[in-house]
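Worksheet: the structure to be examined is printed underneath.
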Amino acid sequence: MESMLNNNEKREIKKKIEIKVLPPGPRAKEIVELDSKYLMTSTKSLPVVASRAEGCFVEDVDGNTFLDFAAGISVLNMGHVHPKITSAVESQLRKLWHFAGTDFYYREQVDAAKALGEITPGKFEKKVFFTNSGTESNEASIKVAKAHTKRQQFVGFIGGFHGRSQGALAFTASRPVHHKGFFPHMVGVEHVPFPNPYRNPFGIDGYENPDELVNRVIDYIEKWTFKTYVPPENVAGFLVEPIQGEGGYIVPPMNFFKELKKLADQYDQLIIMDEVQTGFGRTGKFFASEHFGIAPDIMSLAKAIASGIPMGATIARSDLDFPEPGLHSNTYGGNVLASVACVATINAMKEENAVKNSETQGKHLNKRLHELQEEFDFIGDVRGLGLMQAVDFVKDTKTREPATKLRDRIEYTSFENGLILLSTGLSAIRLIPPLNVTEGEIDQGIEALRKGIKAAL
Ligand SMILES: Cc1ncc(COP(=O)(O)O)c(C=O)c1O
């Protein structure tokens with residue numbers, strides 16, 4: 001392998017932002033054009049064209065070095081090309097790639113399932129179904145819940161995002177464009193408000209009155225949804241993100257999930273927690289559910305689970321296992337390389353105290369973002385847990401009217417200043433660096449964001 005690397009590939013990637021040519025440079029432009037010719041229209045948001053990456057830094061095809069605060073949408077929690085995860089996958093590549101874990105056996109898949117059972121919340125026995133993405137994990141979670149409860153209805157939350165296949169899309173409620181021309185989806189999904197402290201349909205300031213907000217949402221479900229049109233005994237469960245990701249990095253009040261669980265328990269309904277974006281240390285705990293003191297019955301996982309080798313998982317209480325073979329399966333789930341990457345990711349996270357670093361650096365990032373909020377009066381809100389942070393841009397801090405266009409401009413001008421960011425929700429930008437980011441790298445990111453903000457005005 002070593003001998004195959006040419007000098008360019010051996011060269012270390014710089015550990016600081018360096019913009020040599022205003023991005024997108026000529027080579028990047030060429031690839032962006034080819035992309036639009038050969039690939040279907042999807043969701044591309046920035047013309048950054050990567051060629052190599054290491055840790056928190058990405059080199060583009062024109063030789064620019066960017067600081068990556070998008071981390072492949074919270075996939076690269078241990079950073080790009082982590083040496084230990086790379087060498088685990090490299091050595092597996094020479095032994096066995098794929099063996100159809102649907103029908104046959106191999107140790108690596110069992111090891112990955114065991115490792116996931118150990119780090120996920122809940123001291124009960126668990127079982128795993130491996131998938132290839134977050135969407136597919138939610139599909140499996142829905143089927144596990146249906147098969148166990150023999151019930152067909154579910155409750156989802158406005159602002160939630162769970163994927164784009166027709167089952168997962170039935171729960172997704174973060175942007176109308178996701179649904180345009182695609183109705184009807186899976187029937188039996190009712191949406192209720194999420195306790196968004198910053199903007200909610202009740203007009204409650206949830207930072208000042210968190211209990212009132214939680215009570216209103218629980219009342220809404222119990223006194224309106226369940227009393228007027230959704231028979232609670234027909235509801236299999238709730239599919240919910242602990243912190244809404246695509247909906248804008250919305251952290252609900254800390255007692256919300258305990259109250260939701262109390263309600264669900266009254267009717268033997270399950271809590272399915274979608275930790276696709278919040279999982280694997282992102283929020284300063286291994287899983288965000290831990291912040292809220294609940295152990296979900298079923299969890300949907302993906303993204304950071306295998307550091308970028310495509311993988312997802314549904315993990316549930318063992319007693320929720322499918323009652324007979326053949327009810328659910330797939331070809332690639334728990335693929336050998338993905339399973340090895342999953343175990344190597346978890347080991348690296350533990351060895352390098354990545355979860356603790358997410359908590360520590362998350363506090364630093366939050367503090368630095370609050371400084372920007374003092375400086376710029378159009379930053380209405382800074383929110384998040386651990387290294388899952390967001391800034392929300394508003395036209396007026398009193399009305400909290402979203403400043404979507406300004407947000408979009410800042411995302412772009414920050415990119416021109418060497419910082420890769422992703423927007424979320426109506427008017428927020430998320431900051432999700434790899435969990436092993438250093439304080440110095442966060443400070444570099446804040447400087448680039450400050451330059452980006454000033455350039456956007
Ligand atoms: C919370 C959540 N669930 C599900 C998904 C879908 O995951 P995937 O894109 O891997 O299918 C996402 C993707 O952003 C997500 O954030």
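Restricted to the range 281-388, the set of strands (runs of 3 or more DSSP E) holding at least 3 residues that are more than 16 Å from the chain's Cα centre (by Cα) and buried (at least 17 other Cβ atoms within 10 Å of the Cβ) comprises 312-317, 379-385.
Every residue, every condition in (1) away from the ligand (no atom under 16 Å from the Cβ); (2) in contact with a strand residue (DSSP E or B) (Cβ under 6 Å, 6 or more places away or on another chain), yes or no:
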site: 173; (1), (2): no, yes
site: 206; (1), (2): yes, no
site: 221; (1), (2): yes, yes
site: 251; (1), (2): no, yes
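Restricting attention to the range 88-108, does a residue exist that is within 16 Å of the ligand (Cβ to nearest atom) and touching a residue at least 12 places away in the same chain (Cβ under 8 Å)?
In the first step, residues of the range 88-108 are kept if they are within 16 Å of the ligand (Cβ to nearest atom); the result is none.
Within the range 88-108, not a single residue is within 16 Å of the ligand (Cβ to nearest atom) and touching a residue at least 12 places away in the same chain (Cβ under 8 Å).
Is it the case that residue 421 is touching a Phe, Trp or Tyr at 6+ places or on another chain (Cβ under 9 Å) and surrounded by fewer than 19 Cβ atoms within 10 Å (Cβ to Cβ)? It is false that residue 421 is touching a Phe, Trp or Tyr at 6+ places or on another chain (Cβ under 9 Å) and surrounded by fewer than 19 Cβ atoms within 10 Å (Cβ to Cβ). Taking residues in the range 127-138 that are assigned by TED's automatic domain parsing to the domain that holds residue 165, and partners anywhere that are open to solvent by 10 Å² or more (accessible area, probe 1.4 Å), the pairs with Cβ atoms closer than 6 Å and at least 6 places apart or on different chains are 127/318; 127/321; 128/113; 132/310; 132/332; 134/276; 135/165.
The values are calculated or read from the model by the stated rules, or taken from the named source; none is laboratory data. All of these numbers come straight from a predicted model, not from anything done at the bench. Quick reminder, even Gly has a Cβ in these numbers, built from the backbone with ideal geometry, and neighbours come from all protein chains shown. Ligands, DNA and RNA are stripped out before the accessible areas are found, and what is left, the full protein with its side chains, is counted by its heavy atoms. Shrake-Rupley method; radii C 1.70, N 1.55, O 1.52, S 1.80 Å.
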